[in-house]
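K.L.:
Take a look at the following structure, please.
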Amino acid sequence: MPEGDVVWHAAARLNRALAGKTLTKSDFRVPRYATLDLRGRTVDETVSRGKHLLTRIGDVTVHTHLKMEGVWRVFTPGQRWNRPAHQARLILAAEGHEAVGFALGIVEVLPRAKEEDVVGHLGPDLLGADWDPDEAARRLLSDPARPLGLALLDQTNLAGIGNIYRSEICWVSRVDPRTPVGEVDDLPALVNNAHDVLMSATHQPPWRPRAYQRSRMPCRRCGSGIESQALSDDPANQRHVWFCPKCQR
Ligand SMILES: [Zn+2]
């Protein structure tokens, strides 16, 4: 599943293509909005909130979410798409650019004043201008017995972390992801590390994982073999977490 930095980059891409421009095409390929036409309206901006994208067009907001497979791509007019056309869920075009959302998990249109209905539940956004580490730490501690690796995935605690970065944040912080949140020695430092990991991912791609999917490979800090274990709230989706058993306590 795309993580916060991927969504942040998608917002930046959509802004470069559409912000400040008048829509010359809007094609919603989801039944609920099949007749909606936003042509002639000006796109103000797209902002990311955790893993959600809000494209603001006058008094309406187009809310999209990449979920598992979704992606926003931008093409020049006439350029051949590099994903199958049947996966297109939404096309927004303006002079010089055509933005296509493929396999989006959510496409919905709402009054801009109602954005909080779809993102109000989120904790502080790690990549947001209003990032609030104290509030993120407070929310993480609201369930002190919960394993850290699960609490970090809970978007109502802090928004933007997925399966890759929960492993990385725990590795950087030298904390075993199975540790109950309430027993983490320095939670404010860990929250700051979470911010640093996400921010650096927006600035320096491509990015090399230090724990994620490195089972049995040597820890880049101590040389011990990285281990993994399923750590998930969802029995149907047993996602693994990776950690160094020696230097993450
Ligand atoms: Zn290690």
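The values are calculated or read from the model by the stated rules, or taken from the named source; none is laboratory data. Computed from a prediction, not measured in an experiment: that's the story for all the values here. Cβ sites come from the backbone with ideal geometry, for glycine too, and all protein chains shown count toward neighbours. Remember, those area values only see protein heavy atoms, side chains included, never the ligands or the DNA or RNA. Shrake-Rupley method; radii C 1.70, N 1.55, O 1.52, S 1.80 Å.
K.L.:
Determine if the range 141-148 includes at least one residue that is assigned by TED's automatic domain parsing to the domain that holds Leu231 and touching a Ser or Thr at 6+ places or on another chain (Cβ under 8 Å). If you could, list the steps in order and put the result at the bottom.
P.N.:
First pass over the range 141-148, keeping only residues assigned by TED's automatic domain parsing to the domain that holds Leu231: 141-148.
So of that shortlist, the ones also touching a Ser or Thr at 6+ places or on another chain (Cβ under 8 Å) come out as 147-148.
Yes - at least one qualifying residue is present in the range 141-148.
K.L.:
Of these, Gly78, Gly105, Gly101, Gly160, which one is among the small types (Gly, Ala, Ser), within 15 Å of the chain's Cα centre (by Cα) and over 19 Å from Ala201 (Cα atoms)?
P.N.:
Values: Gly78 fails: within 15 Å of the chain's Cα centre (by Cα); Gly101 fails: within 15 Å of the chain's Cα centre (by Cα); Gly160 fails: over 19 Å from Ala201 (Cα atoms).
So the residue among Gly78, Gly105, Gly101, Gly160 that is among the small types (Gly, Ala, Ser), within 15 Å of the chain's Cα centre (by Cα) and over 19 Å from Ala201 (Cα atoms) is Gly105.
K.L.:
Of the numbered conditions (1) in contact with a Pro (Cβ under 7 Å, 6 or more places away or on another chain); (2) surrounded by 24 or more Cβ atoms within 10 Å (Cβ to Cβ), Ile164 satisfies every one except a single condition; which is it?
P.N.:
Exception for Ile164: condition (2).
K.L.:
Answer yes or no: is there a residue in the range 178-188 that is more than 16 Å from the ligand (Cβ to nearest atom), open to solvent by 30 Å² or more (accessible area, probe 1.4 Å) and either touching a residue at least 60 places away in the same chain (Cβ under 8 Å) or aromatic (Phe, Trp, Tyr) (or both). Don't jump to the end; show me each part of the working.
P.N.:
Restricting attention to the range 178-188, the residues satisfying the condition of being more than 16 Å from the ligand (Cβ to nearest atom) are 180-188.
Checking which are open to solvent by 30 Å² or more (accessible area, probe 1.4 Å) leaves us with 180, 182-183, 185-186, 188.
Then drop every residue that is not either touching a residue at least 60 places away in the same chain (Cβ under 8 Å) or aromatic (Phe, Trp, Tyr) (or both), which leaves none.
Within the range 178-188, none of the residues are more than 16 Å from the ligand (Cβ to nearest atom), open to solvent by 30 Å² or more (accessible area, probe 1.4 Å) and either touching a residue at least 60 places away in the same chain (Cβ under 8 Å) or aromatic (Phe, Trp, Tyr) (or both).
K.L.:
Same structure again: Among the numbered criteria (1) open to solvent by 80 Å² or more (accessible area, probe 1.4 Å); (2) of a type outside the set (Gly, Ala, Ser); (3) at pLDDT 90 or above, which single criterion is violated by Tyr212?
P.N.:
(1)
K.L.:
For the range 235-249, name all the residues that are basic (Lys, Arg) and within 8 Å of the ligand (Cβ to nearest atom). Steps first, answer last, please.
P.N.:
Of the range 235-249, the ones basic (Lys, Arg) are 239, 246, 249.
Answer for the range 235-249, where residues must be basic (Lys, Arg) and within 8 Å of the ligand (Cβ to nearest atom): just Lys246.
K.L.:
Can I ask one more? Those residues that are open to solvent by 20 Å² or more (accessible area, probe 1.4 Å) and either among the basic types (Lys, Arg) or assigned to a loop (DSSP other than H, G, I, E, B) (or both), I need them from the range 52-73; list them, please.
P.N.:
Arg56, Gly58, Asp59, Lys67, Met68, Glu69, Arg73, listed by residue number.
K.L.:
I would also like to ask the following. Taking the options Ser232, Ser215, Ser224, name whichever one is under 20 Å from Pro147 (Cβ atoms) and within 16 Å of the ligand (Cβ to nearest atom).
P.N.:
On the way: Ser232 fails: within 16 Å of the ligand (Cβ to nearest atom); Ser224 fails: under 20 Å from Pro147 (Cβ atoms).
Every option except Ser215 fails the conditions.
K.L.:
Taking only the range 94-105 into account, find how many residues are open to solvent by 10 Å² or more (accessible area, probe 1.4 Å) and either in a strand (DSSP E or B) or under 16 Å from Leu38 (Cα atoms) (or both).
P.N.:
Here is the first cut: in the range 94-105, the ones open to solvent by 10 Å² or more (accessible area, probe 1.4 Å) are 95-98, 103-105.
Now drop any that are not either in a strand (DSSP E or B) or under 16 Å from Leu38 (Cα atoms) (or both), which leaves 95, 97-98.
Residues in the range 94-105 being open to solvent by 10 Å² or more (accessible area, probe 1.4 Å) and either in a strand (DSSP E or B) or under 16 Å from Leu38 (Cα atoms) (or both): 3 in total.
K.L.:
Across the range 30-51, what is the number of residues that are assigned to a loop (DSSP other than H, G, I, E, B) and of a type in the set (Ser, Thr, Tyr)?
P.N.:
Matching residues across the range 30-51 total 1.
K.L.:
Arg146 - would you say it is surrounded by 14 or more Cβ atoms within 10 Å (Cβ to Cβ), more than 16 Å from the ligand (Cβ to nearest atom) and of a type in the set (D, E, K, R)?
P.N.:
Taking the combined requirement at face value, the residue satisfies it.
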